[in-house]
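Data first, discussion second: the structure below is written as structure tokens.
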Amino acid sequence: MKITVANCAFKQATDIATEKVDSVKLDSLANTCISRAVDALKTPTARYSEKDRFHMSRIFSDMKMTHHTIRFLLENVEPSESVVSLVLARLQLEALYALCLMFEDARYVTRFLQDNWRKIYVAQLFRREECAGIERYDEFDRFSEPWMLALREDCGITEEQQRTVDFQELGTPLPADMLAATIEGFPTPGRIIGKIPRGGKRTMLMRLYPEYQHLSSFAHGLAEASFLRGMFDRRSGWPQVATSGEKKETFHKLVVGPAFSTSYLGIVQSCTELTTLYPNDLELVAGVTAAWDFLARGHLIGKAVWGLRTKGLLGAVV
């Protein structure tokens, strides 16, 4: 799907509020959203098994830990090193995309787990092939085998699926009475968009995709990441193109603000999307409603997400 400025830009009707942001308060609101999302997923719902709900709750818990890590980097390490927080902010958007797809159909929870198992198993096959002549790795494989079997069971991997991976990766023939059973990959954010029905959720994910692509440049080591690290690191040898005051302002505008707000947005919108499964969970609805006050009034991308998707879920509450 082609995403351009022309087909996904959100026309802002009003400016954002510019009062000082209380990041500690926002942390508390994000933590509340996560806690209530995890609690909500303990309640049975028709389309998702207990295992499905457990693994989705783990994604929410992981988002909370990622947010804490971002906060630690921004507050405790050198600016040149904390640029990596933008890589972690990208993970929060990836989680949002994944959860949006899972909330469409429970089979995507299974696909998410099984794709991960396949990658772990293929890495194990590589190690076995490359270290077959090294005795020390035999013991390692014996130690890891029970763990891999338990993971296989947890992910619902059948013997047919494992044997199919063996055939695909090693050329090991399938037994004569066994049919191939391919493990499907879980789609990347760009491919997830096309799997979401037309409407507010799809439009919202389209608008967030350029933000995801921008943050991906920090994961891929492209020019902006290198430039920012060089600007903030006195030892880099880069020309001193800005004063210390200008560097501080740039750090807050291009690193601190985007890393924190993207992480916060990813958490809050993920929890908001969960209300589609639990519309009668008043604690969850109240938690995300309170958390949206800042995003809907004081953040440009947040205002876009609010207008494109979230207002339709929560109503005019801000």
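Can you find even one residue in segment 85-103 that is outside any helix (DSSP H, G or I), in contact (Cβ under 8 Å) with a residue 24 or more places away in the chain and within 19 Å of the chain's Cα centre (by Cα)?
Scanning segment 85-103 turns up at least one residue that is outside any helix (DSSP H, G or I), in contact (Cβ under 8 Å) with a residue 24 or more places away in the chain and within 19 Å of the chain's Cα centre (by Cα).
Can you go through Gln161, Gln114, Gln124 and tell me which one is farther than 24 Å from Arg53 by Cβ and of a type in the set (S, T, N, Q)?
Only one candidate passes the filter, namely Gln124.
State which residue pairs qualify: first residue under 18 Å from Glu75 (Cβ atoms) and inside segment 250-272, second residue in a helix (DSSP H, G or I) and of a type in the set (Val, Ile, Thr) in any location, beta carbons under 6 Å apart, and separation of 6 or more residues or different chains.
Listed pairs, sorted by first residue: Ala259/Ile70; Ser263/Ile70.
Restricting segment 232-252 to residues that are open to solvent by less than 60 Å² (accessible area, probe 1.4 Å), at pLDDT 80 or above and of a type outside the set (D, E, K, R), which is farthest from Glu81 (Cα to Cα)? Working first, answer last.
Within segment 232-252, the first condition is being open to solvent by less than 60 Å² (accessible area, probe 1.4 Å), and the residues that meet it are 232-233, 236, 242, 245, 247, 250-251.
Now narrow it down to the ones that are at pLDDT 80 or above: 232, 245, 247, 250-251.
Next, only the ones that are of a type outside the set (D, E, K, R) stay: 232, 245, 250-251.
Working: Phe232: 9, Gly245: 18, Thr250: 15, Phe251: 11 Å.
Residue satisfying both the conditions and the ranking: Gly245.
Return the residues of segment 284-300 that are modelled with pLDDT of 95 or more and closer than 19 Å to Asp15 by Cβ; say none if nothing qualifies.
Residues of segment 284-300 that are modelled with pLDDT of 95 or more, as a first pass: 284-292.
Trp292, the sole residue that qualifies.
Restricting to segment 183-205, what's the tally of residues that are open to solvent by 30 Å² or more (accessible area, probe 1.4 Å) and not in a helix (DSSP H, G or I)?
Result for segment 183-205: 7.
Of all the residues that make up segment 261-292, how many are open to solvent by 20 Å² or more (accessible area, probe 1.4 Å) and part of a helix (DSSP H, G or I)?
Residues that pass the stated criteria total 7.
Could you check segment 123-150 and list, in sequence order, the residues that are open to solvent by 20 Å² or more (accessible area, probe 1.4 Å), among the hydrophobic types (A, V, I, L, M, F, W, C) and out of contact with any helix residue (DSSP H, G or I) (no Cβ under 6 Å at 6 or more places or on another chain)?
Passing the criteria: Ala123, Phe126, Ala132, Ile134, Phe140, Phe143, Trp147, Leu149, Ala150.
Which of the residues belonging to segment 210-236 are more than 13 Å from Pro258 (Cα to Cα) and among the acidic types (Asp, Glu)?
Passing the criteria: Glu224, Asp233.
Can you pull out the residues in segment 6-38 that are more than 23 Å from the chain's Cα centre (by Cα) and under 22 Å from Gly266 (Cβ atoms)?
Gln12, Ile16, Ala17, Val21, Asp22, listed by residue number.
I'd like the full set of residues that are assigned to a loop (DSSP other than H, G, I, E, B) and crowded, with 16+ Cβ neighbours inside 10 Å, limited to segment 17-44.
Val21, Leu41
Which ones in segment 1-15 are closer than 30 Å to Ile192 by Cα and part of a loop (DSSP other than H, G, I, E, B)?
Met1, Lys2, Ile3, Thr4, Ala9, Phe10, Lys11, Gln12, Ala13
Can you name every residue in segment 53-87 that is open to solvent by less than 40 Å² (accessible area, probe 1.4 Å), among the aliphatic types (A, V, I, L, M) and modelled with pLDDT of 95 or more?
The answer is Met56, Ile59, Met63, Ile70, Leu73, Leu74, Leu86, Val87.
Might you check whether a residue that is touching a residue at least 40 places away in the same chain (Cβ under 8 Å), in a helix (DSSP H, G or I) and open to solvent by 60 Å² or more (accessible area, probe 1.4 Å) occurs anywhere in segment 206-219?
Going residue by residue through segment 206-219, those that are touching a residue at least 40 places away in the same chain (Cβ under 8 Å) are 206-212, 215-216, 218-219.
With in a helix (DSSP H, G or I) added as a condition, the list becomes 206-212, 215-216, 218-219.
Pick out the ones that are also open to solvent by 60 Å² or more (accessible area, probe 1.4 Å) and you get none.
Within segment 206-219, not a single residue is touching a residue at least 40 places away in the same chain (Cβ under 8 Å), in a helix (DSSP H, G or I) and open to solvent by 60 Å² or more (accessible area, probe 1.4 Å).
The values are calculated or read from the model by the stated rules, or taken from the named source; none is laboratory data. The shown structure was predicted, so the numbers you read here are calculated from the model rather than taken from an experiment. For neighbour counting, all protein chains shown are included, and Cβ atoms are generated from backbone atoms with ideal geometry for every residue, glycine included. Side chains are part of the model used for accessible areas, which takes the heavy atoms of the whole protein and leaves out ligands, DNA and RNA. Shrake-Rupley method; radii C 1.70, N 1.55, O 1.52, S 1.80 Å.
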